[in-house]
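Data first, discussion second: the structure below is written as structure tokens.
The values are calculated or read from the model by the stated rules, or taken from the named source; none is laboratory data. Just so we're clear, the structure is a prediction, and the values are computed from it rather than from any experiment. Reconstructed Cβ throughout: ideal geometry from the backbone, glycine too, with neighbour counts over all protein chains shown.
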Amino acid sequence: MGKIYLFLDPYLITLYRLVKDPIIGFFLGTFLLATTAVIIGQFSISLAFLVNRRYVEKLNSQLVYWNNLSVDALKKGDKETYKNANNEANQFFGKLFFLSIAYSAASLWPAPFLLGWMQMRFGLIEFPIPFPLPVIGSNVSYTAIFIPFFIIVYLTFQKLQSHLPYFRKIHAILESYENEKAKLKSLTAR
């Protein structure tokens, strides 16, 4: 990893040199680095999603089919068909659930990678905090700056995603899956 960090170092450090003041530069650079991590992560997950799109669509349609079959069977009193169809629906739900967890985790990979670069660059720098905490002490490292910035940028990106040119398309596809799930019958529906 050291060679990769050394290769990227001249590019990443420019984020920290946009202003002359080193303290402001650190905070601005860390914010821009967190933004970079979020964008790369979201772009990565969108590519993985597009590669697996047909598979996800198949899982969604199978979930709807088996769920609705199980609900119809239960309403008709056919417990054997209900049990089998419900088992199939649960299998497809599980696959979709764990696939969504994998996608979410995959969007985070740039953060630890860029934190590794920050360790190389800023590992010895500590920031005093106004009130010492028992677990943390009176100083924090670069991670205490990066992680809150990452969370803020990530949450902001989630709100803006449907308005950004490339990500608007991905957002629309995901919305269509939610609309497909709206076709799921419920036992409480009349």
*Which of (1) at pLDDT 90 or above; (2) under 18 Å from the mean Cα position of the chain (by Cα); (3) not acidic (D, E) is the odd one out, the single condition N52 does not satisfy?*
(1)
*Could you count how many residues in the range 95-120 are at pLDDT below 95 and of a type outside the set (A, V, I, L, M)?*
8
*Would you check if G25 is in contact with a Phe, Trp or Tyr (Cβ under 7 Å, 6 or more places away or on another chain), buried (at least 18 other Cβ atoms within 10 Å of the Cβ), of a type outside the set (D, E) and part of a helix (DSSP H, G or I)?*
no
*Is there a residue being in a helix (DSSP H, G or I), modelled with pLDDT of 90 or more and of a type in the set (K, R) anywhere in the range 172-184?*
no
*S107 fails exactly one of the following numbered conditions: (1) in contact with a helix residue (DSSP H, G or I) (Cβ under 6 Å, 6 or more places away or on another chain); (2) without any contact (Cβ under 8 Å) to a residue 60 or more places away in the chain. What is the number of that condition?*
(2)
*Could you check, for the range 35-44, whether at least one of its residues is small (G, A, S), at pLDDT 95 or above, under 30 Å from I147 (Cβ atoms) and more than 19 Å from the chain's Cα centre (by Cα)?*
no
*asked:* Residue under question is K169, and the condition is that it be assigned to a helix (DSSP H, G or I) and modelled with pLDDT of 90 or more; does it hold?
replied: no
*Of the numbered conditions (1) at pLDDT 90 or above; (2) in a helix (DSSP H, G or I); (3) more than 26 Å from the chain's Cα centre (by Cα), Y11 fails exactly one; give the number of that condition.*
(3)
